[in-house]
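Got a structure for you, questions after.
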Amino acid sequence: MAHIHLDDYFRVIFEEGILNVPVNRQNLRTSAMRFLEKRQELDHADASLQSKRNEFEVVREKIRERREKLNKNEEKAKEALLKFDRFIKDNDAKRSRGVKKAELQKAVVAQKEKELEDLKKEYSILLSKRDQLSNRVTRATVYHVFLTTLMKMSKKFEDITHLIGRFDTLLATRDQLLEQGKGAETHAERQHVELRRYVSEQSSVLLQLNNTLSKLQTELDTILAQACKLENTWNNIQSTAAKETLLLGQVKFGILNLYHVVGAETGEEDGVQVEDSVNQLEKIHVFIQDLTDISCGVSL
């Protein structure tokens with residue numbers, strides 16, 4: 001398409017040049033030659049460009065093939081890397097299992113060695129016990145001989161077992177008696193503790209009673225002192241009352257005498273009672289008032 005447009009362009013330019021430029025055959029020939037030269041240069045440039053395009057296509061195809069090859073190599077490398085990674089992981093797992101197995105075997109060996117040492121110690125202890133039992137049997141032979149001789153000397157026992165049974169019975173009886181004695185001692189100790197507790201409680205009660213008695217005695221002394229004071233006060237009151245009663249009697253007697261002096265009567269219907277000193281004083285007051293009024297009238 002670029003080649004066609006270029007031809008059209010030159011054709012238009014050429015036609016315009018022919019139309020606008022005066023016809024000159026020499027110039028026309030020169031222009032045609034230049035046009036042909038330019039046309040040849042253009043064709044040469046197109047051929048060179050096409051060659052470059054072909055070379056570029058070849059290079060691009062090679063690059064594409066190389067890229068595909070590189071992609072394949074990359075895939076192969078990835079697969080190889082994955083295989084190598086799996087190989088490493090498998091080796092690590094095998095090594096870990098081997099280490100664990102070795103550690104387990106080592107622990108089992110250590111456990112077996114410990115068990116062997118324990119068995120050796122137990123065997124040594126059993127040998128020691130066997131020797132001790134053998135020595136005890138040797139020492140007990142003397143007692144067997146003694147019991148045999150004792151059974152032969154005594155007619156009460158049929159064999160050594162019967163003799164040992166009798167001895168065990170006596171030991172059991174002794175233990176029972178000792179236990180009963182301990183029980184009696186425990187009971188006596190308990191009774192003694194109870195007695196001490198009772199004495200302590202009664203002492204506390206007695207102390208409280210003594211304190212209460214002391215308080216009551218103090219209160220009694222206080223009450224007696226107050227009673228003595230009240231008795232003295234009562235005696236004083238009685239003495240004062242007797243004096244005041246005597247004085248009151250004298251006053252009443254004087255009022256009664258004055259009442260009689262003024263000529264008033266007692267004990268009658270119009271009179272005043274002997275004990276009514278107030279009315280007697282009123283009568284005396286009225287008499288004195290009348291006497292005063294009369295005296296004032298006489299003076300006038």
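Quick check on my filter: what residues within the stretch 91-109 are of a type in the set (S, T, N, Q) and more than 50 Å from the chain's Cα centre (by Cα)?
Asn91
Moving on to the next point. How do the pairs read when you match residues in the stretch 257-273 that are surrounded by fewer than 10 Cβ atoms within 10 Å (Cβ to Cβ) with residues anywhere that are at pLDDT 60 or above, using Cβ under 9 Å and keeping only pairs 6 or more apart or on different chains?
Gly263/Phe287; Gly267/Gln273; Gly267/Val274
The values are calculated or read from the model by the stated rules, or taken from the named source; none is laboratory data. Here the structure is a predicted model, which is why all the values come from computation and not from measurement. Note: ideal-geometry Cβ built from the backbone for every residue, glycine included; neighbour counts use all protein chains shown.
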